[in-house]
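I'd like to ask some things about the structure below.
The values are calculated or read from the model by the stated rules, or taken from the named source; none is laboratory data. Everything numeric here is computed off the predicted structure, so don't read it as measured data. Here the Cβ positions follow ideal geometry from the backbone for every residue, glycine too, while neighbour counts run over all protein chains shown. These area figures cover heavy atoms from the full protein model, side chains too; ligands, DNA and RNA do not enter into them. Shrake-Rupley method; radii C 1.70, N 1.55, O 1.52, S 1.80 Å.
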Amino acid sequence: MTELIGYAASALVAVSLLTSNVLRLRVLNLAGALVFVVYASLAGVWPVLAVNAFIAVIDLWHIVRLRSKADIFRLMPAGPGDPLLANFLAYYARGIWQFFPGFDLRNLRDPRCVFILRNLMPVGLFIYTEEAPEIRVHLDFVVEDYRDLKSARFLFNKGLHPEMFRGYSCFRASAGSELHAGYLRRLGFKEDPPGSGSFRRPV
């Protein structure tokens, strides 16, 4: 049993090093350090216990700091010919394809493109068309390191930018995968009609 606990701790630490999200890395690393503390206390390996207790304290401090950090969000419109837009789409093409396999900006008529800035960094891209009375979402992509829903909640918060979607009744989005469908549900979208893969949320 003691060895199994040691293996579990090692696995948690190894998995933490595979993630690019800093907060998730710290949480997994903290879990691994705490399990190592349990393992070391059972095995009587006091140096291992001491170093992992120290690591746990450091991880906890970083988690508290990351959670309490006040991010500044802004929206920045971009035109279809904007060089930043073209470079963003090209650089994150693989990630975009995973969630939006059929997306092609060239196939959209009069698209609206908006960057989501987080601390002045373009971490997300929202592309939609106005199809009254709905806003049709074609792309809602956020860079992997920032997928904590903060950017999305800022974007869909009507009170923060009331002029942007004035006159429209709802957002309409199609889920490209079950993972994407789960994301939409967490943001308050409902499948309409059920089983269609099309999701709707009031503006």
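Can you confirm whether the stretch 53-63 contains a residue that is touching a strand residue (DSSP E or B) at 6+ places or on another chain (Cβ under 6 Å), of a type outside the set (V, I, T) and surrounded by 14 or more Cβ atoms within 10 Å (Cβ to Cβ)? Give the steps one after another, and end with the answer.
Residues of the stretch 53-63 touching a strand residue (DSSP E or B) at 6+ places or on another chain (Cβ under 6 Å): none.
No, because not a single residue in the stretch 53-63 is touching a strand residue (DSSP E or B) at 6+ places or on another chain (Cβ under 6 Å), of a type outside the set (V, I, T) and surrounded by 14 or more Cβ atoms within 10 Å (Cβ to Cβ).
Of all residues in the stretch 64-73, which are open to solvent by 80 Å² or more (accessible area, probe 1.4 Å), in a helix (DSSP H, G or I) and not charged (D, E, K, R)?
Across the stretch 64-73, the qualifying residues are V64, S68.
Among the candidates S41, S20, which residue alone is outside any helix (DSSP H, G or I) and either among the acidic types (D, E) or open to solvent by less than 60 Å² (accessible area, probe 1.4 Å) (or both)?
Of S41, S20, the one residue that is outside any helix (DSSP H, G or I) and either among the acidic types (D, E) or open to solvent by less than 60 Å² (accessible area, probe 1.4 Å) (or both) is S20.
Mind counting the residues in the stretch 146-203 that are free of Cβ contacts under 8 Å to residues at least 12 places away in the same chain and part of a loop (DSSP other than H, G, I, E, B)?
Of the residues in the stretch 146-203, 9 are free of Cβ contacts under 8 Å to residues at least 12 places away in the same chain and part of a loop (DSSP other than H, G, I, E, B).
Which numbered condition trips up G81, out of (1) open to solvent by 70 Å² or more (accessible area, probe 1.4 Å); (2) modelled with pLDDT under 95; (3) in a helix (DSSP H, G or I)?
Failing condition for G81: (3).
Hey, does the stretch 54-66 have a residue that's among the basic types (K, R) and within 29 Å of E178 (Cα to Cα)?
Scanning the stretch 54-66 turns up no residue that is among the basic types (K, R) and within 29 Å of E178 (Cα to Cα).
Given (1) in contact with a strand residue (DSSP E or B) (Cβ under 8 Å, 6 or more places away or on another chain); (2) open to solvent by 20 Å² or more (accessible area, probe 1.4 Å), where does F126 come up short, assuming only one miss?
(2)
Farther than 30 Å from L184 by Cβ, surrounded by 14 or more Cβ atoms within 10 Å (Cβ to Cβ) and not small (G, A, S): is that true of V13 in this structure?
Against the criterion (farther than 30 Å from L184 by Cβ, surrounded by 14 or more Cβ atoms within 10 Å (Cβ to Cβ) and not small (G, A, S)), V13 qualifies.
Of the residues that sit in the stretch 153-190 and are at pLDDT below 90 and of a type in the set (A, V, I, L, M, F, W, C), which one is least open to solvent (accessible area, probe 1.4 Å)?
The selected residue is F165.
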